[in-house]
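Take a look at the structure set out below.
The values are calculated or read from the model by the stated rules, or taken from the named source; none is laboratory data. All values reported here derive from a predicted model rather than from experimental measurement. A quick note on method: Cβ atoms are made from the backbone with ideal geometry, for glycine too, and the neighbour counts reach across all protein chains shown.
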Amino acid sequence: MKNLNGVSIINCDNTLLYENAIISRANKIIDFTNITGLRMFSSMETIKKISKKVSSIINNINFLGSGDFHHLTYSIISNIPYEFSLIVFDNHCDYSEVPYGTISCGSWINQASYLKNISSIIILGVSKISYQSKSNKIYCIEYNKDFINNSINLINKTVKSNVYISIDKDVLDQKYAITNWDQGKMKLDELLFILKYIKSKFKIIGLDISGECKPYNPLSYIISNEVKVNQETNLKILDAVI
């Protein structure tokens, strides 16, 4: 695996346990299902404890489960000891402000902007930029007809060498992912094109993927459509960066 060390599953909600093809490719599964206060909103104290538990997988491809746990990206990247750029694919900006000492799946990018080793943060594919971030580290590209060119131009202008990538599949059209959040219209081929471009030009030091969805009928012996769709997309993302 070029640049990346392996595949890990951070199990917070059991959503990935239905994706057998992903489990078969995982080198490590870390179980956080017994930890309270992780879904959507957490204390920074809890996140710091999580950071210690994930310090060994910062250079892996890490599956986080539902987008409700996207802020666990912060717990991973806070361990990276050298300078890097953070590139995020998301239907939402995720840089809202929350009370001091807390972090959420909608605010984690704001907190990440204060990490000294992050030189820039690029958010790609949001449906609408409702307000601008106060940080001069954060750049945001809306999804539109010029999305690919705008993204490549910004990446070339901003990124130096090391890149950590965080993907929330809610950025994708529902044809390619089924999540528990409102979704964008990005095509999977567009996401894969940018991933392959980044891989060809820069060093990917780590990557995480969220945006899973529990099957509507978890007791069914038939693999549900949402699991099939998400697993197929996850596998294509893996193949694009490995």
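Quick notes on this structure:
- Which numbered condition residue 115 misses (of (1) hydrophobic (A, V, I, L, M, F, W, C); (2) under 29 Å from residue 31 (Cα atoms); (3) buried (at least 20 other Cβ atoms within 10 Å of the Cβ)): (3)
- Filtered by the rule that a residue be of a type in the set (Asp, Glu) and surrounded by 23 or more Cβ atoms within 10 Å (Cβ to Cβ), the stretch 69-105 gives 90, 94.
- Looking across 85, 96, 42, one residue alone is touching a Lys or Arg at 6+ places or on another chain (Cβ under 8 Å), outside any helix (DSSP H, G or I) and of a type outside the set (A, V, I, L, M). It is 85.
- Positions within the stretch 228-242 being more than 23 Å from residue 203 (Cβ to Cβ) and among the polar types (S, T, N, Q), in sequence order: 230, 231, 233
- Scan of the stretch 45-92 for residues that are touching a Cys at 6+ places or on another chain (Cβ under 6 Å) and farther than 23 Å from residue 231 by Cβ, ordered by number: 71
- Subset of the stretch 129-148 (residues that are more than 17 Å from the chain's Cα centre (by Cα) and within 18 Å of residue 73 (Cα to Cα)): 137
- In the stretch 129-224, counting only strands (runs of 3 or more DSSP E) that sit wholly within it, the ones holding 2 or more residues that are farther than 17 Å from residue 92 by Cβ and among the hydrophobic types (A, V, I, L, M, F, W, C) span 203-210.
- Every residue from the stretch 1-19 that is over 16 Å from residue 70 (Cβ atoms), modelled with pLDDT under 95 and not in a loop (DSSP other than H, G, I, E, B): 17, 18
- Meets criteria (buried (at least 22 other Cβ atoms within 10 Å of the Cβ), basic (Lys, Arg) and touching a Ser or Thr at 6+ places or on another chain (Cβ under 7 Å)) for residue 169: yes
- In the set (1) touching a helix residue (DSSP H, G or I) at 6+ places or on another chain (Cβ under 7 Å); (2) modelled with pLDDT under 95, the condition left unmet by residue 28 is number (2).
- Residue satisfying all of: in the stretch 107-128; part of a strand (DSSP E or B) and polar (S, T, N, Q); nearest to the chain's Cα centre (by Cα) among these: 120
- Of all residues in the stretch 27-39 being over 17 Å from the mean Cα position of the chain (by Cα) and part of a loop (DSSP other than H, G, I, E, B), the one that is surrounded by the most Cβ atoms within 10 Å (Cβ to Cβ): 32
- The set of residues in the stretch 9-42 that are touching a strand residue (DSSP E or B) at 6+ places or on another chain (Cβ under 8 Å), free of Cβ contacts under 8 Å to residues at least 60 places away in the same chain and not aromatic (Phe, Trp, Tyr) comprises 9, 11, 17, 23, 26, 27, 28, 29, 30, 31, 33, 37.
- Of all residues assigned to the stretch 182-198, none qualifies as being touching a residue at least 40 places away in the same chain (Cβ under 8 Å), surrounded by fewer than 21 Cβ atoms within 10 Å (Cβ to Cβ) and over 18 Å from the mean Cα position of the chain (by Cα).
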